[in-house]
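This report concerns only the one structure given below.
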Amino acid sequence: MEWLVEHPDWLLMLLAPVFIVCMGLEWYVGRRHGKLPTSAHYRWQEVSCNLVLGGLHQLTDITVGLVVIQIYLWLFDWRLFDITMGVSSFLALMLAQDFCYYWFHRASHRVRWWWAAHSTHHSSESMNFSTAFRQSLMYPFAGMWLFWVPLVIIGFPPKWVVFSVLLNLGLQFIIHTQWIKNFGWFDCLFNSPSHHRVHHGRNPQYIDKNYAGVLIIWDKLFSTFEPEVAPVEFGITKPVNSTNPIKVTFAEWQDMWREFTAEGLSWRQRIAVIVQPPVGLSSQQNDNK
Ligand SMILES: [Zn+2]
Ligand SMILES: [Zn+2]
């Protein structure tokens, strides 16, 4: 465990065999037995796009991570408490990190700047285990790491914070599937495939719901929980219609840049383009509330 905390980047590598076996089984069940809906099927172009995006995300995460860890170490000097890591402090860290994850994820849907990075994860109209790899290489540049700063200030050692972030991300692999309907009583407390399918839905009632990482309690606490009732229509309201990883990564950044630099806007309007909720069904609905 200590070794893994010292080398947190290995965590996802070590989990890779589990990821591969799960994908193989899901592909087999969906393809050979036809038990899964078409949106769960493995389409070669889509899956390879997801895997390339996962690789690019890892690459920028590791390189920019070298700078971010220095910032964390610098901030760690201002920590409020000296925390010795053990079982109870590790569980407290996981809980606190999951709470921060909820707010990171909520901001990623409600602030255009962060949505520009996060929309990559949502732009697939399929849902299977390979969707978990569909991440944006822009996360570290967009400032995802800012959301874990409170954990460092509280006094959790920076390497443990990084480890908890990656562990949370790794655990979320299992919720990207249509193979598992639900986990029974487990769904009351924890995020599950059913809750996360809702999160990936573009049905009006499913938009901007279920932001949870590991625990679903945050959504229930902050009124963003929605159960899976109607069949989920996967994707975003402004489809990307591409399996080119570069296009998928930068589609929303391009749109935002175009609107930011449009002629005749005041600076107030330009800043609004960056900080307001993304335009689309999502924001229209919420503005009408
Ligand atoms: Zn999301
Ligand atoms: Zn997801």
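The values are calculated or read from the model by the stated rules, or taken from the named source; none is laboratory data. Since this is a predicted model, take the numbers as computed values, not measurements. Reconstructed Cβ throughout: ideal geometry from the backbone, glycine too, with neighbour counts over all protein chains shown. When the accessible area is computed, the model is the full protein with side chains, heavy atoms only, and any ligands, DNA or RNA have been set aside. Shrake-Rupley method; radii C 1.70, N 1.55, O 1.52, S 1.80 Å.
Taken together, the residues in the stretch 1-25 that are under 15 Å from Leu51 (Cβ atoms) and open to solvent by 80 Å² or more (accessible area, probe 1.4 Å) amount to 2.
Would you be able to tell me the number of residues in the stretch 26-54 that are assigned to a helix (DSSP H, G or I) and surrounded by 13 or more Cβ atoms within 10 Å (Cβ to Cβ)? Break it down into steps so the answer makes sense when it comes.
Restricting attention to the stretch 26-54, the residues satisfying the condition of being assigned to a helix (DSSP H, G or I) are 26-32, 38-40, 44-54.
Within this subset, residues satisfying the condition of being surrounded by 13 or more Cβ atoms within 10 Å (Cβ to Cβ) are 26-27, 29-31, 39-40, 46-54.
Residues flagged as assigned to a helix (DSSP H, G or I) and surrounded by 13 or more Cβ atoms within 10 Å (Cβ to Cβ) within the stretch 26-54 amount to 16.
Determine which single condition Val214 fails, assuming it passes every other condition in (1) at pLDDT 95 or above; (2) under 30 Å from Val52 (Cα atoms); (3) loosely packed, with under 13 Cβ neighbours inside 10 Å; (4) not acidic (Asp, Glu). That leaves (3) as the condition not met.
Just to verify a result, which residue in the stretch 71-85, among those that are more than 27 Å from the chain's Cα centre (by Cα) and touching a residue at least 60 places away in the same chain (Cβ under 8 Å), is most open to solvent (accessible area, probe 1.4 Å)? Among residues in the stretch 71-85 that are more than 27 Å from the chain's Cα centre (by Cα) and touching a residue at least 60 places away in the same chain (Cβ under 8 Å), the one most open to solvent (accessible area, probe 1.4 Å) is Trp78. A count restricted to the stretch 86-114 and to residues that are open to solvent by 10 Å² or more (accessible area, probe 1.4 Å), in a helix (DSSP H, G or I), of a type outside the set (S, T, N, Q) and more than 16 Å from ligand 2 (Cβ to nearest atom) stands at 12.
Residue by residue, here is whether (1) in contact with a strand residue (DSSP E or B) (Cβ under 7 Å, 6 or more places away or on another chain); (2) in contact (Cβ under 8 Å) with a residue 12 or more places away in the chain; (3) not basic (Lys, Arg) holds:
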residue	(1), (2), (3)
Phe190	yes, yes, yes
Tyr211	no, yes, yes
Asp219	no, yes, yes
Gln269	no, no, yes
Pro278	no, yes, yes
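Would the stretch 115-124 turn up any residue that is open to solvent by 20 Å² or more (accessible area, probe 1.4 Å), outside any helix (DSSP H, G or I) and either more than 11 Å from ligand 1 (Cβ to nearest atom) or on the phi < 0 side of the Ramachandran plot (or both)?
Filtering the stretch 115-124 down to residues open to solvent by 20 Å² or more (accessible area, probe 1.4 Å) leaves 115.
Adding the requirement that they be outside any helix (DSSP H, G or I) leaves none.
Scanning the stretch 115-124, I find no residue that is open to solvent by 20 Å² or more (accessible area, probe 1.4 Å), outside any helix (DSSP H, G or I) and either more than 11 Å from ligand 1 (Cβ to nearest atom) or on the phi < 0 side of the Ramachandran plot (or both), so the answer is no.
Could you check, for the stretch 240-249, whether at least one of its residues is part of a loop (DSSP other than H, G, I, E, B), crowded, with 18+ Cβ neighbours inside 10 Å, within 14 Å of ligand 2 (Cβ to nearest atom) and not aromatic (Phe, Trp, Tyr)? There is no residue in the stretch 240-249 that is part of a loop (DSSP other than H, G, I, E, B), crowded, with 18+ Cβ neighbours inside 10 Å, within 14 Å of ligand 2 (Cβ to nearest atom) and not aromatic (Phe, Trp, Tyr).
Given the criteria within 14 Å of ligand 2 (Cβ to nearest atom) and open to solvent by 10 Å² or more (accessible area, probe 1.4 Å), does Ile153 qualify? Reasoning before the result, please.
Values: within 14 Å of ligand 2 (Cβ to nearest atom): no; open to solvent by 10 Å² or more (accessible area, probe 1.4 Å): yes.
The answer is no for Ile153.
In a residue-by-residue description of the stretch 107-119, the property of being of a type outside the set (Asp, Glu), touching a Phe, Trp or Tyr at 6+ places or on another chain (Cβ under 7 Å) and within 30 Å of Lys35 (Cα to Cα) applies to no position.
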